[in-house]
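Quick note: the coordinates plus some simple rules give every number you see, no bench work behind them. It should be emphasised that the depicted structure is a prediction, and the values quoted were computed from it without experimental measurement. FYI the Cβ positions are ideal-geometry reconstructions off the backbone, even for glycines, and counts take in every protein chain you see.
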Amino acid sequence: MAFVDPATPNQADFDTFAYNQGITTAELPADSDYLVWAYQYGVSWTTQTASALMPAPSYVLACYNLGFHYLLKVAQDQSGQTFFADQRTKYSLLTFVAGAVISSADQGTSQTLSASKSLEDLSLLGMDALKTPWGQAWLQYEQAYGPNIVGVS
């Protein structure tokens, strides 16, 4: 994946990132408004505070990962395609989840995971981001740069 400008988020590089995640132009045409909306979402919701703290390539990848997560949620399939519907089903993107499961049990077994304090305080955006690998990557970038990043710590 060769970016035009790996230090600054831009539409062309986001499009490259998105297509390198396995989407084809048959599933999402290169002139799709969904690419524009997803890119803008990723840049808008990746905190500017983080951009001043993290290395430029990390900030760029945080933006692109959140944008791609959003793209999977909102893009509509082209006629004859099911890529986005399949991804929404695979990652339960249209299902509300109120938090991470930290304990489960039945009559014969029981499991409890230790949850970090940051998981308890996630915003709705953060909880939603946990559903996909791209959303998780965005959270990792954001949380790596301090406990005061709004909505992710």
As a test of the formula, what do you get for the chain when each DSSP H run with n ≥ 4 contributes -39,500 (n - 2.57) and the sum is divided by the residue count, at 222 nm and rounded to the nearest 500 deg cm²/dmol?
-14500 deg cm²/dmol
Which peptide among 133-140, 43-50 comes first, and what is the full order, when sorted by highest mean count of other Cβ atoms within 10 Å?
133-140, 43-50
For Leu122, the residues 5 or more places away or on another chain with a placed amide H closer than 5 Å to its own amide H are none
Give, as ranges by residue number, the residues of the range 56-83 whose backbone N falls under 17 Å from the point 7 Å along Cα→Cβ of Asn20.
56-69
How far is helix 33-45 tilted off the main Cα axis of the chain, in degrees rounded to 10, range 0 to 90?
50 degrees
Apply 1/(1 + (r/R0)^6) to the Cβ-Cβ distance of Asp86 and Gln140, taking R0 = 22 Å, and write down the FRET efficiency to the nearest 0.05.
0.30
Taking the 0 to 90 degree range and rounding to the nearest ten, how far is the long axis of helix 56-74 tilted relative to the main principal axis of the chain, both from C-alpha atoms?
80 degrees
By how many degrees, 0 to 90 and rounded to 10, does the Cα axis of helix 133-143 deviate from the longest principal axis of the chain?
80 degrees
Per q in 0.15 1/Å, what log10 I(q)/I(0) does a Debye calculation on the alpha-carbon atoms of the chain return?
-0.81
